[in-house]
């Protein structure tokens, strides 16, 4: 095997391969139909994923000296590749920030003068109206009961923030929940492009009447957004399995057998998430499944009227609507 | 259904200080349902027409956008034959700081500036791109037929 694994300080304890990555050695029963060298991928548990994510964020923090939540947004936008963040950071910082929704794109409407960091603010006026519930707040109660997301200066009362965030989380958002404010872009009114940072959201959900259930969902989704946004990591497709696989640089998606085995022993093809199928190709399996799962008329219809989602490969039939659907 | 104080305030302000060419009146028995009238903007193919729309505020409003639909037939690349409107702030660009009146102003602006590059009514959009003058004539004739009487 010729995979470029850094095996400097570990003595391998497997009997049949030269894998020395810490994650896969704890599972040494290398059996079953998986034929891909284990050094081409790493087995991850849910905890490993959180740790990996934190480490990447830490790396970007060290590079850019930006706060952690900002680093997360940059990574999220660059598909969790530290290299991509670093390259664009040196090349074109403004572009990187704009892409990640960190700088203000457009002219903020109803923004009040803001001093201080994310969350807290100092008000110049005597009273302020929350532009969501349209209630007026005196300066003193505003400084306690209202907050601003960093950057844009939009201030809303905490109850409205929580309602906004809760609605967004229920609709499936987490990593890209935007500010509740509005901006002018090219003469038109639009949602404000600033993405709410993690600490801000969590603090609001904890402290201002948010529910623990929504907070939990939010946090789970952040992990999901890491896995789903990262082309080198996939969740194990087995029911209720919380493990994942990350492929290394030596993984070749066009190789003969692309099956992997998770920490719980589930074996699956990394490309198509189906059962291992070498020597057949992923496309053969997909066609085969379509053929035998349904009667042929249905499968003909699927071929004629549906397209696979470029992301998750589910067959989609668009039956109307504009491109914002 | 109880109506939040935000909806009450918005309704009140719209009745007291209506925007030019726009009116929105809530139903007596359902304060979340509005009868809307937008006057066809001057210098557009809809000049002189009176357009009826319906607007409904869902339970989660203002966290989710209002639902708006043309009731009067209109020939426009961003409105389909059921009156549904393709406007980004009614979908993914909605912000809870936007209001009923800002939505209606945006619809009025959309009537002045059709956007065939982001179509909902494909036939009309192609018509606009193929021959804008002819498409505008068609819009004018629909305007006379359906929006003036």
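Quick look at the values:
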read-out	value
All positions within the stretch A:68-90 that are touching a residue at least 60 places away in the same chain (Cβ under 8 Å), farther than 16 Å from residue A:230 by Cα and surrounded by 16 or more Cβ atoms within 10 Å (Cβ to Cβ)	A:69, A:70
Residue match in the stretch A:275-284 (condition: in contact with a helix residue (DSSP H, G or I) (Cβ under 9 Å, 6 or more places away or on another chain), surrounded by fewer than 18 Cβ atoms within 10 Å (Cβ to Cβ) and free of Cβ contacts under 8 Å to residues at least 24 places away in the same chain)	yes
Residue match in the stretch A:211-218 (condition: over 24 Å from the mean Cα position of the chain (by Cα), more than 30 Å from residue B:88 (Cβ to Cβ) and surrounded by fewer than 17 Cβ atoms within 10 Å (Cβ to Cβ))	no
Some residue of the stretch A:215-231 being outside any helix (DSSP H, G or I) and either in contact (Cβ under 8 Å) with a residue 24 or more places away in the chain or more than 14 Å from every other protein chain (Cβ to nearest Cβ) (or both)	yes
Subset of the stretch B:105-129 [assigned to a loop (DSSP other than H, G, I, E, B) and under 17 Å from the mean Cα position of the chain (by Cα)]	B:113, B:114, B:115, B:116, B:118, B:119, B:120, B:121
Test result for residue A:271, within 29 Å of residue A:315 (Cα to Cα), more than 14 Å from chain B (Cβ to nearest Cβ) and touching a residue at least 60 places away in the same chain (Cβ under 8 Å)	no
Helices (runs of 4 or more DSSP H) within the stretch A:134-213 that include 1 or more residues within 13 Å of another protein chain (Cβ to nearest Cβ) and at negative phi	A:158-170
Scan of the stretch B:25-50 for residues that are part of a loop (DSSP other than H, G, I, E, B) and within 12 Å of residue B:7 (Cβ to Cβ), ordered by number	B:30, B:31, B:32
Unmet criterion (only one of (1) part of a helix (DSSP H, G or I); (2) under 11 Å from the mean Cα position of the chain (by Cα); (3) over 23 Å from residue B:5 (Cβ atoms)) for residue B:102	(3)
Matching residues in the stretch B:118-127 - criterion: being more than 9 Å from every other protein chain (Cβ to nearest Cβ) and either touching a helix residue (DSSP H, G or I) at 6+ places or on another chain (Cβ under 8 Å) or within 24 Å of residue B:60 (Cβ to Cβ) (or both)	B:124, B:127
Whichever residue in the stretch A:304-325 is under 22 Å from the mean Cα position of the chain (by Cα) and within 14 Å of chain B (Cβ to nearest Cβ) and, among such residues, is modelled with the highest pLDDT	A:324
Residues (within 8 Å of chain A (Cβ to nearest Cβ) and part of a loop (DSSP other than H, G, I, E, B)) located in the stretch B:81-99	B:86, B:91, B:92, B:93, B:94, B:95, B:96, B:97, B:98
Check on residue A:160, at pLDDT 90 or above and surrounded by 22 or more Cβ atoms within 10 Å (Cβ to Cβ)	yes
Residue list for the stretch A:253-294, restricted to those being part of a loop (DSSP other than H, G, I, E, B) and more than 23 Å from residue A:38 (Cβ to Cβ)	A:294
Number of the condition not met by residue B:53 [criteria: (1) outside any loop (DSSP other than H, G, I, E, B); (2) surrounded by 18 or more Cβ atoms within 10 Å (Cβ to Cβ); (3) within 14 Å of another protein chain (Cβ to nearest Cβ)]	(3)
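The values are calculated or read from the model by the stated rules, or taken from the named source; none is laboratory data. The structure presented is a predicted model; accordingly, all values stated were derived computationally and were not measured. We place every Cβ from the backbone using ideal geometry, glycine too, and count neighbours over all the protein chains shown.
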